[in-house]
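The values are calculated or read from the model by the stated rules, or taken from the named source; none is laboratory data. Small disclaimer: the values here were computed from a predicted structure and weren't measured. No Cβ is skipped: glycine too gets one built from the backbone with ideal geometry, and neighbour counts run over all protein chains shown.
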Amino acid sequence: MTPSSSFPTMAFIGGGNMASAIIGGLIAKGMPASQILVVEPWEEARASLRKNFGIVALPEASAALASAGLAVWAVKPQTFKDAAAASAEFTRHAVHLSIAAGITSDSIAAWLATDRIVRAMPNTPALVGKGITGLFARAAVTTNEKLLIEQVISTTGQFVWVKDESNLDAVTAISGSGPAYVFLFLEAMTQAGKDMGLPPEQAYQLAVATFQGGSELAARSSESPDVLRQRVTSKGGTTHAAIVHMQEHKVLEHFIDAMRAAEKRAQELAVEFGK
């Protein structure tokens, strides 16, 4: 089924980058712009949404939201509660998809007076159709509603369902925050290339292509990452020298600790902004 034939009217509360990625994916798949509306307080953002997608963009919640069968909450964690208070009376008949980091479905259910809630943790490669999103559904969400959510999210890339909501904190730490780790390593590899005499543009091209190629090779292979690593690590060779150096300096241990710090921060957000 195509979005134009199977999707209900959708309301986005918040019109930032992630909302734009989903909207762009939906329209590219054939969903009419007339079936999408956005509540976005910033005039510049509203103008951009209208120009890029031809959709209705409102400065605040109104009765226009009542036509929505799906409400997508693309707001910052610290503004979710206020946004819910302004919109809840108009969205009570919708199923709700939240892409706000850290805010638990218990808090969302209390603010919106409904249990038909799916939480999602996407990542920024969704902007180019290469994202991956972790999903969790409360028990009240039906099979058909889950399928609808899958259709929406698949326009931005892959998805996985988790059984326990707490697992979304791990998803946040690994894939939600993960693109920043890739960019950090790209910075380091580019700087190393420059230090070794390469032009900056070449160093960056080499680094980006290496991440793209390595990821694609891993995705297509049935072998584990450690086996793939061993295949390109000849004892006494150049790769071996780099790997041994990183192991001696506990790079992997520090990297894992960093992701645990991200997980901990996701848990803290629920406490800070979910009251």
Residues of the stretch 1-16 being assigned to a helix (DSSP H, G or I) and either crowded, with 20+ Cβ neighbours inside 10 Å or modelled with pLDDT of 90 or more (or both), which ones? P3
For the stretch 173-216, name all the residues that are small (G, A, S), surrounded by 14 or more Cβ atoms within 10 Å (Cβ to Cβ) and under 21 Å from the mean Cα position of the chain (by Cα). A173, S175, G176, S177, G178
Checked the stretch 84-110 for anything crowded, with 21+ Cβ neighbours inside 10 Å and over 23 Å from T133 (Cα atoms); matches are S87, T91
Please verify whether the stretch 254-267 includes one or more residues that are acidic (D, E) and farther than 27 Å from P77 by Cβ. no
Which one is surrounded by the fewest Cβ atoms within 10 Å (Cβ to Cβ), of the residues in the stretch 49-68 that are in a helix (DSSP H, G or I) and touching a helix residue (DSSP H, G or I) at 6+ places or on another chain (Cβ under 8 Å)? A63
Taking I256 as the residue in question, decide whether it is assigned to a helix (DSSP H, G or I) and under 25 Å from L135 (Cα atoms). yes
Given the residues K51, K29, K76, which is the only one that is closer than 19 Å to A100 by Cβ and assigned by TED's automatic domain parsing to the domain that holds S107? K76
Please work out which residue is nearest to F7 (Cα to Cα), limiting yourself to the stretch 117-144 and to residues that are surrounded by fewer than 20 Cβ atoms within 10 Å (Cβ to Cβ) and not hydrophobic (A, V, I, L, M, F, W, C). N144
Given the criteria in the same structural domain as A45 (by TED's automatic domain parsing), under 25 Å from F183 (Cβ atoms) and among the β-branched types (V, I, T), does T114 qualify? no
Among the numbered criteria (1) within 30 Å of P77 (Cβ to Cβ); (2) touching a Lys or Arg at 6+ places or on another chain (Cβ under 7 Å), which single criterion is violated by A270? (2)
Is there a residue in the stretch 24-32 that is hydrophobic (A, V, I, L, M, F, W, C), in contact with a Ser or Thr (Cβ under 9 Å, 6 or more places away or on another chain) and in contact (Cβ under 8 Å) with a residue 60 or more places away in the chain? yes
Answer with yes or no whether A71 is farther than 18 Å from K275 by Cβ, at pLDDT 95 or above and surrounded by 14 or more Cβ atoms within 10 Å (Cβ to Cβ). yes
